[in-house]
Amino acid sequence: MTRKISKGHQRVDMVKIKKASNLGVTFSKRRDGLFKKASELCTLCGAEIVIVIFSPDGKNVFSFGYPSVETLVERFLGRNLPPPNNDVHNQQIVARREASIRELNIKLMNLEGVLQMEKNRGESFQEIRKISDGVWWEYPIEELNLFQLQHLKKALEILKKKVEKEAQMMNNNAFPFQTLGSAWTPPNCAS
């Protein structure tokens with residue numbers, strides 16, 4: 001009896017397999033191997049594991065879960081969280097969830113503070129407009145509060161920049177040629 005001589009275990013290059021039949025066989029064998037290793041890890045260590053695999057053609061979905069896929073996915077997403085106990089894993093999930101809630105509460109408080117500041121700013125503008133009849137520069141400056149004064153200062157700075165920019169444009173572009181006099185100056189007057 002003759003034995004078939006095998007090449008033994010060979011190293012496989014990690015590149016995508018192009019041939020469809022080889023791809024299907026490799027996918028099936030490697031998927032089964034992955035599920036077997038996950039099952040061994042659950043048995044030996046008591047780990048709770050979920051694996052979801054989509055086939056290369058996208059037509060099939062394979063899953064492995066211990067104790068079940070649905071239970072662990074719900075627990076991971078925080079929808080069906082078991083009551084806290086002394087189990088370290090459950091405590092970590094609860095701690096992560098509470099940290100997320102604290103972060104969201106901090107963001108919410110910051111946004112509420114910004115919203116309140118904007119409401120106050122709007123009310124302040126409304127007061128100024130009502131009292132001064134839309135002529136804010138004639139309003140007595142002594143009666144403005146700190147917020148109104150800061151806003152007035154900023155508005156004046158912006159206005160000053162616009163005026164300076166306009167003046168610079170007039171100086172640079174108004175008369176591109178050199179003038180010796182003005183049309184408004186009488187001819188016998190020196191300029």
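The values are calculated or read from the model by the stated rules, or taken from the named source; none is laboratory data. Small disclaimer: the values here were computed from a predicted structure and weren't measured. Positions of Cβ are backbone-derived with ideal geometry, glycine not excepted, and every protein chain shown enters the neighbour counts. Heavy atoms of the whole protein, side chains included, go into the accessibility calculation; ligands, DNA and RNA do not. Shrake-Rupley method; radii C 1.70, N 1.55, O 1.52, S 1.80 Å.
Descriptive notes on the structure:
- With respect to being open to solvent by less than 70 Å² (accessible area, probe 1.4 Å), at pLDDT 75 or above and assigned to a helix (DSSP H, G or I), L115 falls outside the description.
- Conditions (1) open to solvent by less than 70 Å² (accessible area, probe 1.4 Å); (2) at pLDDT below 75: number failed by A155: (2)
- Residues of region 25-60 classified as in a helix (DSSP H, G or I) and touching a Pro at 6+ places or on another chain (Cβ under 8 Å), total: 1
- Residue check for V135: at pLDDT 75 or above and either open to solvent by less than 90 Å² (accessible area, probe 1.4 Å) or out of contact with any strand residue (DSSP E or B) (no Cβ under 7 Å at 6 or more places or on another chain) (or both): no
- Odd one out for N80 among (1) at pLDDT 85 or above; (2) open to solvent by 70 Å² or more (accessible area, probe 1.4 Å); (3) not in a helix (DSSP H, G or I): (1)
- Flag if F62 is open to solvent by 100 Å² or more (accessible area, probe 1.4 Å), within 30 Å of K16 (Cβ to Cβ) and modelled with pLDDT of 70 or more: no
- Meets criteria (assigned to a helix (DSSP H, G or I) and surrounded by fewer than 11 Cβ atoms within 10 Å (Cβ to Cβ)) for S21: yes
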